[in-house]
Amino acid sequence: MKRICLNENIYYVGVNDRRKNLFENNWPLPKGVSYNSYLIKDKKNALIDTIEFGSNDNYLNHIAGLLEGAPLDYLIVNHMEPDHSSMIGSVLHHFPEVKIVGNVQTHKILKLYFNIPDESIITVKDSELLDLGEHKLSFHLIPWVHWPETMVTYEQTTATLFSCDAFGGFGTLDGSIFDDQNDFEQDYEYEMLRYYSNIVGKYSNMVQKAFAKLQGVEIKMIAPSHGLIWRGNPGKVLQLYSKWCNWENEDGVVIAYASMYGNTEQMADYIGSLLGARGIKVKTHDVSKSHVSDMLADIWKYKGLVLGTCAYNANMHPMMEHLCNEIRLVAPKNKILSIFGSSTWNGAGVKSLASYIKEMGMEITGTPLEIMGAASFEKLQDSAESFVDEFVKSL
Ligand code: FEO
């Protein structure tokens, strides 16, 4: 592997994973994912996080090559989710002298996965320092970003924040690993939003606490566990995360609908065209076609949400129920939400969608739009116009 330096004596030893189809066996990876890991060479040598087991056969040899016969003194474990930790056993096997550094919570989880002797473990407290020589590390607990044991590691001499999942994103690092040598907006921003809304967004309150904790800390570089390393403009990713964790929405409306024979789809398109005619940006998803990962990303981003369903077995369509369940889990806020749907005899779809939304603790704006039978132009003409008028007033 080529030697890639963040700074003198801080090496990138992460890898790309283009083989895995689903992250956490749930979220699609059309552009792959990187597992970022870092080696600091100093009087004492430290590895910060590992990679997912099986994602690269050369990882340990690469580290050994960079160490040039010197020992690996510390393995800093910022996070125990296996995409970063499942190589811990292999690292210990290869470098038996290494001490594993984590907090109390880390070590509880560590013991559940690995048979590691207590003498190989160093437990650090919040803000505790570890002196490597030139480089000084401090550890800062940011629980639930995105597991209870998660912490970040700050290297004081270079003002580098090893931020783990925070500020990470999907997408492999092709060529340069740095933000200032990539087109972030074109190649990474959406994948970062998708990662945030799918993985981290549920814990936005805890992300806010992490932000508060890092207030006043000089940060010249952000080195997360997934995605680009921010050395050119770390303020950009801080700004994006601040917006997302505070549920600040952009103007626009997501329409997501479930339709069996096209009537609810007709309604979705009609509503979309009325919104578009008012100059409002619209993103429309057929819930049976779009992956919930993409729908959640759009829902996280935009202020308006219009959900539509046909009736199905005296309920809403099962794919709409799946989307609603995911929305409930990640809990986006500050949305203007309305619903619509079609049916043939008793309107159970819209009724069950309305009651599910109430259970989710979200509010429905205006009166739901319902059509029996064919969603013809004649039926939609006036009813959809007033539905959209009412919705737009709240946007
Ligand atoms: Fe990248 Fe929570 O693991």
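Which number in (1) more than 16 Å from the ligand (Cβ to nearest atom); (2) at pLDDT 95 or above; (3) surrounded by fewer than 16 Cβ atoms within 10 Å (Cβ to Cβ) marks the one condition that H140 misses?
Here H140 meets the rest and fails (3).
Return the pair list, or none, for Cβ contacts closer than 6 Å from residues in segment 17-38 that are at positive phi to residues that are surrounded by fewer than 16 Cβ atoms within 10 Å (Cβ to Cβ) and part of a loop (DSSP other than H, G, I, E, B), at least 6 apart or on different chains.
G32/R18
Which of the helices (runs of 4 or more DSSP H) contained wholly in segment 183-253 include at least 1 residues that are within 30 Å of S273 (Cα to Cα)? Walk me through it before giving the result.
Numbers: elements: 184-187, 189-195, 204-214, 234-245.
The qualifying helices (runs of 4 or more DSSP H) are 184-187, 189-195, 234-245.
Within segment 161-173, does at least one residue satisfy the condition of being away from the ligand (no atom under 16 Å from the Cβ) and surrounded by fewer than 23 Cβ atoms within 10 Å (Cβ to Cβ)?
Checked against the condition, which is being away from the ligand (no atom under 16 Å from the Cβ) and surrounded by fewer than 23 Cβ atoms within 10 Å (Cβ to Cβ), segment 161-173 yields no hits at all.
Here's the yes/no breakdown for (1) crowded, with 17+ Cβ neighbours inside 10 Å; (2) on the phi < 0 side of the Ramachandran plot; (3) not small (G, A, S):
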{"residue": "N182", "(1), (2), (3)": "yes, yes, yes"}
{"residue": "D187", "(1), (2), (3)": "no, yes, yes"}
{"residue": "E191", "(1), (2), (3)": "yes, yes, yes"}
{"residue": "N205", "(1), (2), (3)": "no, yes, yes"}
{"residue": "G216", "(1), (2), (3)": "no, no, no"}
{"residue": "K220", "(1), (2), (3)": "no, yes, yes"}
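Among the residues of segment 84-132, which ones are of a type in the set (A, V, I, L, M, F, W, C), under 21 Å from A64 (Cα atoms) and within 16 Å of the ligand (Cβ to nearest atom)?
The answer is M87, I88.
Just to be sure before I move on: is L72 away from the ligand (no atom under 14 Å from the Cβ) and not in a loop (DSSP other than H, G, I, E, B) in the structure I sent? Quick ask: steps written out before the conclusion?
Working: away from the ligand (no atom under 14 Å from the Cβ): yes; not in a loop (DSSP other than H, G, I, E, B): no.
No.
Considering only residues that are away from the ligand (no atom under 16 Å from the Cβ) and among the small types (G, A, S), look in segment 225-241 and name the one that is nearest to T172 (Cα to Cα).
Looking at residues that are away from the ligand (no atom under 16 Å from the Cβ) and among the small types (G, A, S), I get G232.
Which of the residues spanning segment 143-160 are out of contact with any strand residue (DSSP E or B) (no Cβ under 8 Å at 6 or more places or on another chain) and more than 16 Å from the ligand (Cβ to nearest atom)?
Matches in segment 143-160: none.
Out of all the residues in segment 33-76, which are under 24 Å from D131 (Cα atoms) and aromatic (F, W, Y)?
Y38, Y74
Regarding segment 121-132, can at least one residue be identified that is surrounded by fewer than 19 Cβ atoms within 10 Å (Cβ to Cβ) and within 30 Å of V330 (Cβ to Cβ)?
Among the residues of segment 121-132, at least one is surrounded by fewer than 19 Cβ atoms within 10 Å (Cβ to Cβ) and within 30 Å of V330 (Cβ to Cβ), which makes the answer yes.
So L395 fits all but one of (1) of a type in the set (A, V, I, L, M, F, W, C); (2) surrounded by fewer than 20 Cβ atoms within 10 Å (Cβ to Cβ); (3) free of Cβ contacts under 8 Å to residues at least 60 places away in the same chain; (4) touching an Asp or Glu at 6+ places or on another chain (Cβ under 9 Å); what number is the exception?
Answer for L395: the failing condition is (3).
Report the residue count in segment 266-289 for those that are surrounded by fewer than 22 Cβ atoms within 10 Å (Cβ to Cβ), at negative phi and free of Cβ contacts under 8 Å to residues at least 60 places away in the same chain.
Summing the residues that are surrounded by fewer than 22 Cβ atoms within 10 Å (Cβ to Cβ), at negative phi and free of Cβ contacts under 8 Å to residues at least 60 places away in the same chain in segment 266-289 gives 13.
The values are calculated or read from the model by the stated rules, or taken from the named source; none is laboratory data. For clarity, every value in this text was computed on a predicted model and none was experimentally measured. Note: ideal-geometry Cβ built from the backbone for every residue, glycine included; neighbour counts use all protein chains shown.
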